[in-house]
Amino acid sequence: MVADTGTAERIEQDLPRLSNNGTVPAWRAVAALALSTFTCVTTEFLPVGLLTNIASSLHVSEGAAGLMITTPGLMAAASGPLLIILAGRLDRRIVLLLLATLLVLSNVIAAMAPNLATILVARMLLGLCVGGFWTFAPSATGRLVPEALQPRAMSYIMAGISVATIAGVPAGALLGEIAGWRMTFFAITGLALIVLILQILTLPPMPAERAIKIRELKAPFAKPPARAGLIVTLLLVSGHFATYSYLKPMFQQLYGVSPEGVTTVLLIYGVAGFIGTFMGGRLVTKSVRGTALAAVLMIAAVLTVSAVGVSGLIAGSVSAGVWGAAFGLVPVSLTTWMLNAMPDSPEAGQAVQVSVFQIGISLGAFVGGLVLDAYSIVGVLALGSTLLILAAVAIGAARSEPRHP
């Protein structure tokens, strides 16, 4: 009862921070940001399911078409710190609305692109949107709900990642086969427009408390908890994407799963990730480091088991489920880690973390591909496991649990 009373008191103290002074409008705004997450992630990884269609239509190689996946990641890594500086004291509601508008524009250009160069321009705009969204959305979420409810709200925002994996990307691939890849981009344009409208209707004014200076971007590297979080982010994300990027050949070659079976395995991965995201929202309230460590050890265990020779659809499905649930813990734990480590400058912390996260994606996928070409899929698993073990060591070496004061 004492704990419940304390929580209630904190909620009452924080209620003035809620949009329109009420909880319902606040959660509507959170829902709008969650849909934004889904739309951004679906758009970013949409070419995964449309790669051959687009390459054939634009008369380029599949390798060249793969730049549609690499480009937004690299642009997002550079844009996070840049946008936090350029935004200055601009109301964060306006910033988020501008980013949503950019998402619409990016998809329109992609849908109408006559050649690969044009579609890559569209993907660069998407990278700006992705980098900006992940820089501003977490801190905006913290201003929408009371402190006691922030982990739950953050888990809803991060759930958009898993839903995009489960439904968004597969649905885009299916629509591409039925109506063509251009129609898929037009469809996601419509969804992006809905996101923009919902944000206009639900997001309250969120004046910037102050402008972020360039020197403040150095702060995460100077504070031990934040610096530890960045090291963990780089190692964990690199290790994950070094292997996840080649998940299909892994299940086909090591587990003997058919192409049709891989679709089932990917669906299980996505559903488990969705569940893991909400589990993470609860677990981080008890221990951020513990949640991140659990994710690292679970993924490393899956990679190790996969490398030793297990096979079959059932074994593959179990591995995919554990892996998906584990990665579902990652975004919410790493984001909460940085928010807690940088309470006085959350946007600067998120800007740097977004860059490190996106660098981890690109670096992991690139190095994983080199290892795959030079050695084998088992070599890729060894690479991923090594990086994850180093991430576990970094978590253990962190001096203290990052906590919001």
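The values are calculated or read from the model by the stated rules, or taken from the named source; none is laboratory data. Model, not experiment: these values are computed from the prediction. No Cβ is skipped: glycine too gets one built from the backbone with ideal geometry, and neighbour counts run over all protein chains shown.
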Test: residue in the stretch 230-244 that is of a type outside the set (Phe, Trp, Tyr), at pLDDT 85 or above, assigned by TED's automatic domain parsing to the domain that holds Leu387 and surrounded by fewer than 20 Cβ atoms within 10 Å (Cβ to Cβ): yes
Near pairs, Cβ below 6 angstrom, 6+ apart or cross-chain, from the stretch 318-332 (charged (D, E, K, R)) to any residue that is assigned to a helix (DSSP H, G or I): none
Any hit, the stretch 258-266, residues being charged (D, E, K, R), touching a residue at least 60 places away in the same chain (Cβ under 8 Å) and not in a loop (DSSP other than H, G, I, E, B): no
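Rundown of residues vs (1) of a type in the set (S, T, N, Q); (2) touching a residue at least 60 places away in the same chain (Cβ under 8 Å); (3) buried (at least 23 other Cβ atoms within 10 Å of the Cβ), yes/no style:
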{"position": "Thr70", "(1), (2), (3)": "yes, yes, no"}
{"position": "Leu82", "(1), (2), (3)": "no, no, no"}
{"position": "Leu86", "(1), (2), (3)": "no, no, no"}
{"position": "Thr101", "(1), (2), (3)": "yes, yes, no"}
{"position": "Ala113", "(1), (2), (3)": "no, no, no"}
{"position": "Cys129", "(1), (2), (3)": "no, yes, yes"}
{"position": "Pro146", "(1), (2), (3)": "no, yes, no"}
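Quick check: is even one residue across the stretch 92-105 at pLDDT 75 or above, of a type outside the set (Gly, Ala, Ser) and not in a helix (DSSP H, G or I)?
Let us first name the residues in the stretch 92-105 that are at pLDDT 75 or above, namely 92-105.
After this cut, where a residue has to be of a type outside the set (Gly, Ala, Ser) as well, the list is 92-99, 101-105.
Those still in the list that are not in a helix (DSSP H, G or I) too: none.
Scanning the stretch 92-105 turns up no residue that is at pLDDT 75 or above, of a type outside the set (Gly, Ala, Ser) and not in a helix (DSSP H, G or I).
Looking for something without any contact (Cβ under 8 Å) to a residue 12 or more places away in the chain and either under 15 Å from Arg227 (Cβ atoms) or part of a helix (DSSP H, G or I) (or both) - is there at least one such residue anywhere in the stretch 378-400?
First, pick out the residues of the stretch 378-400 that are without any contact (Cβ under 8 Å) to a residue 12 or more places away in the chain: 379, 393.
Pick out the ones that are also either under 15 Å from Arg227 (Cβ atoms) or part of a helix (DSSP H, G or I) (or both) and you get 379, 393.
Scanning the stretch 378-400, I find at least one residue that is without any contact (Cβ under 8 Å) to a residue 12 or more places away in the chain and either under 15 Å from Arg227 (Cβ atoms) or part of a helix (DSSP H, G or I) (or both), so the answer is yes.
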All positions within the stretch 209-257 that are in contact (Cβ under 8 Å) with a residue 60 or more places away in the chain and either among the β-branched types (Val, Ile, Thr) or in contact with a Cys (Cβ under 7 Å, 6 or more places away or on another chain) (or both): Ile212, Ile214, Ile231, Val232, Thr233, Val237, Thr243
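Here is a yes/no grid of residues against (1) of a type in the set (Phe, Trp, Tyr); (2) touching a Gly at 6+ places or on another chain (Cβ under 9 Å); (3) under 26 Å from Thr263 (Cα atoms); (4) at pLDDT 80 or above:
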position	(1), (2), (3), (4)
Ala122	no, no, no, yes
Gly131	no, yes, no, yes
Ala140	no, no, no, yes
Trp181	yes, yes, yes, yes
Leu203	no, no, no, yes
Ala208	no, yes, no, no
Ile212	no, yes, no, no
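Being buried (at least 20 other Cβ atoms within 10 Å of the Cβ), farther than 23 Å from Val380 by Cβ, among the small types (Gly, Ala, Ser) and not assigned by TED's automatic domain parsing to the domain that holds Ala137 is true for just one of Ala292, Ala351. Which residue is that? Outline the logic, then answer.
Numbers: Ala292 fails: farther than 23 Å from Val380 by Cβ.
After applying the criteria, what remains is Ala351.
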